[in-house]
Amino acid sequence: MNETTPYTPPTVWTWNKGGGGRFANINRPIAGPTHDKDLPVGRHPFQLYSLATPNGVKVTVMLEELLHLGHSGAEYDAWLIKINEGEQFGSGFVAVNPNSKIPALLDRSGPTPVRVFESGAMLIYLAEKFGSAFLPTGADRAECLSWLFWQMGSAPFLGGGFGHFYAYAPLKIEYAIDRYAMEVKRQLDVLDRRLAESRYLAGDDYSIADMAVWPWYGTLVKSQLYEAGEFLQVQEYKNVLRWTDEIAKRPAVQRGRMVNRTWGQPASQLHERHAAADFDSQTQDKLDPKAAG
């Protein structure tokens, strides 16, 4: 391990506004809004305020899967929240999600709007609202919820831990990268062992557990998350790769991962979604076959 300058924590921590690296402009140790800004509201029952990060993709995939099943009540408007510009700290967004993280969901289908924050809560809420769609019963339900909460607890090690120190930290720290790489590989092994004995995480059927885990770990093993595939030797996890490829073929997944996406090939982006027809209303550069390659 490389020698580093020893660090002794001070008696009282103080906020160094310039010490946050790439995200210093939006990271802060306090909650609440930084400015007044109302959220837009469309005509559909569900109003989603999000960005196509893995946590955002979970919810758009769920909504598209529900629509694919014929649940017209799951129609939604997906509004883009530019987190790098601090839009998650607007007063309207904070009113829906006091934690100021995307996604944030507002259910306006009843007489009183219902706010839902935290992506795992949204998956359960939507499943229960539409007849336990993608949420099995009995022992499979327990397995499904166990893997859902596994993801909620594990992803911070992948995102804020490994992802931050590997891809975003202003200083590469060998100890931190090694620590979190070890944990991410352990998590991939946990998944691989489960998927060696089961087609999907909760059993034979696709569920909200798969919707929660796939955007994080499926993207990782396809080397599209932090471009860390070679570093983590993701090709070792054959069962995770099989599961990832199977889910990626689902039409609703293909649509859901496009919503609120502002990077990558133009054909993979749909900045906002307000109707199913939006997926067909592509700009000319999106229709260019070369753009989809």
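Structure summary
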| quantity | calculated |
| --- | --- |
| Within-13-Å neighbourhood charge of Pro156 [Cβ basis; K, R +1; D, E -1] | -1 |
| Helix-only [θ]222 nm of the chain, DSSP H runs n ≥ 4, -39500 (n - 2.57) each, per residue, nearest 500 | -11000 deg cm²/dmol |
| Candidates per trypsin sites (Lys or Arg not before Pro) in the range 163-198, loop by DSSP, up to 12 other Cβ within 10 Å | Lys172 |
| Whether the range 94-190 is rounded, prolate or oblate, judged on the alpha carbon gyration tensor where a/c under 1.5 counts as rounded | oblate |
| Order by protection proxy (mean Cβ within 10 Å, highest first), peptides 212-218, 122-128, 33-39, 140-146 | 212-218, 122-128, 140-146, 33-39 |
| Virtual paramagnetic centre 7 Å along Cα→Cβ of Asp278, amide N under 13 Å, in the range 106-143 | none |
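Here, each number is a calculation from the coordinates, and none is a lab measurement. Remember, it's a predicted structure, so these values are computed and weren't measured experimentally. Don't worry about glycine lacking a Cβ; one is built from the backbone with ideal geometry, like all the others, and counts go over all protein chains shown.
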